[in-house]
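What follows draws every value from the coordinates through simple rules; no lab data is involved. Predicted model, so just to flag it, every value in this text is computed and none were measured. When we count neighbours, we look across all protein chains shown, and the Cβ atoms used for this are built from the backbone with ideal geometry, even at glycine.
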Amino acid sequence: MLSIVIVVALGVVGMNVFIDPYQVFRLVPYRNGFTPNELDNKYMWLNKHPEQTEFLLLGSSRTGIWDPRWFDHNGQRISYNFSKLAARPTDIAQLLPALKATGLTPRHIILGIDIFPFLEHPGDRGPAHYPPPFISGESRFTFLARYFFLASFVPSALRLKHAMAEQPELLFDFSTGLYRTPGLIRRRAKDPAAYDAKEYAPIKARIAERALSSRELHALDEIAQWCHDNHVDTRVFIHPHHPVIQAQVGQHNLATLAAEVQKRFPDAWDFTHATDTCGAEAYLDKKHYTPAIARQLQKIITQKYRNVHFSSFSPAYFCS
C-alpha cells in the first residue's frame, strides 16, 4: 500500500514539474500558457532585461492586450506589459514596492482600471495567482514546493492540449508581457453572427447599486501615494465597458467608480462609454476590446491629447 502511495505521489510531482501547468519550473520548453503564473514569469524576464522597466503597463486582462512596444523610444526596448489576468488594485499595490525592492522602479506607469474588482470578492484565485518570491518574500524553494503535490490533472491536460494545438486558445509573450487571443478570434471568424448573438446577449443577473470595495479603494490610495513618493509619471484610465456589461453592473456603480478614481488621480481618463456606438467588431468578447481600440486609447493617453477630457472626442474616433 505504501509503495502505491509513493508511486502516485511521485507521479503527481513528475506531472507538476515536467508538464508544469503553472509554468514555474520551466524545465521543458513548451509553448507559453495555458495557466501560467504570470507574475513569476514576467518578473523573471524583467529581472534579466531591467531596461524594459522604464515604462510599465499595469492592470487586468483588458490591459494585457496593449502592446508595450507602442511606448518604445527610437528602437530601444524600454517598456513592458506587467498586467495580470484578473488583477486587482490590491495586486498592483503589492507589486510596485516589490519591484522597487529588487531594483526595478519604473519611471512611467499606465494603469487601466475596470469595475469588477470593486464589486466582486476576490475569493481563492488558485495556484496561477500564488505570489512569487519577489512579492511574498519566501525562498524560491518554498515557492516551488507549493506546486509539487498539487492535484493539477485538468490544468496539466489543458497545458498539453495547448502545447500541441496548431492554433491555441491563448498565447502569452513574456518578452513583451502581452497576450493574444487566437481562440476568440477564430471562433468569431467561423460564424460572426452566431458568436455575436451569444456573446452579447443581455445578462439577466444584474448587480445592484452598492458601495465599492473599501479594500480596493484603499489600494488605489496606496498606488497613488507610492507613485507620488517615487516621482513616477502616472497615467490612469478606466477601460471602455461594453453596453452589455454596463447594463449588468449599473450606471450608478460605474459613475461611482469614475468619481473615486478621479479623486485619487485627477487627470484620469474615463473611457467607460468610449465604444458605446462601435458595435461588436470593437470587442473580442463582452469584457475585452480589441487591440485596435487599445491603440486609439494609447494615442490619447500618451500623445498630443494629454489632459484633454474624453468628452472632447466623438465616438467615431474610437470606431474608425
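Charged side chains reduced to their Cβ positions (Lys and Arg at +1, Asp and Glu at -1) give the range 227-282 a dipole of some 120 debye around its Cα centre.
For the chain, the longest principal axis of the Cα atoms and the long axis of helix 153-164 meet at an angle of about 80 degrees.
With both partners inside the chain, how many of the DSSP beta bridges are antiparallel, as a percent to the nearest 5?
Expressed as a percentage, antiparallel bridges in the chain total about 25.
Where in the range 192-218 is the amide nitrogen less than 18 Å from a point lying 7 Å along the Cα-to-Cβ axis of Ala259? In the range 192-218, the label zone of Ala259 (backbone N under 18 Å from the point 7 Å along Cα→Cβ) covers 208-218.
When a/c is below 1.5 the answer is rounded, else prolate if a/b is larger than b/c, else oblate, so apply that to the range 85-232 with a ≥ b ≥ c taken from the square roots of the Cα gyration tensor eigenvalues. It is oblate, given that a/c is not under 1.5 and a/b is not larger than b/c.
If R₀ is 22 angstrom, what is the calculated FRET efficiency for the pair Glu138 and Ala86, using the beta carbon separation as r and rounding to 0.05?
0.50
The calculated FRET efficiency for Gln251 paired with Asp173, based on their beta-carbon distance and R0 = 41 Å, is about 0.70. Rounded to the nearest 10 degrees, the angle from helix 291-302 to the longest Cα principal axis of the chain is 60 degrees. The charge dipole of the range 195-251, taken about its Cα centre with unit charges on the Cβ atoms of Lys, Arg (+1), Asp and Glu (-1) only, comes to about 380 debye. Averaging the sequence gap over all C-alpha pairs within less than 8 Å and six or more residues apart, then dividing by the number of residues, gives the chain a relative contact order of 20 percent. A Förster radius of 41 Å combined with the Cβ-Cβ distance from Phe148 to Glu120 puts the calculated FRET efficiency at roughly 0.85. Calculation over all alpha carbon pairs of the chain in 10 angstrom steps from 0 returns a P(r) of 5, 24, 33, 25, 10, 2, 0, 0 percent.
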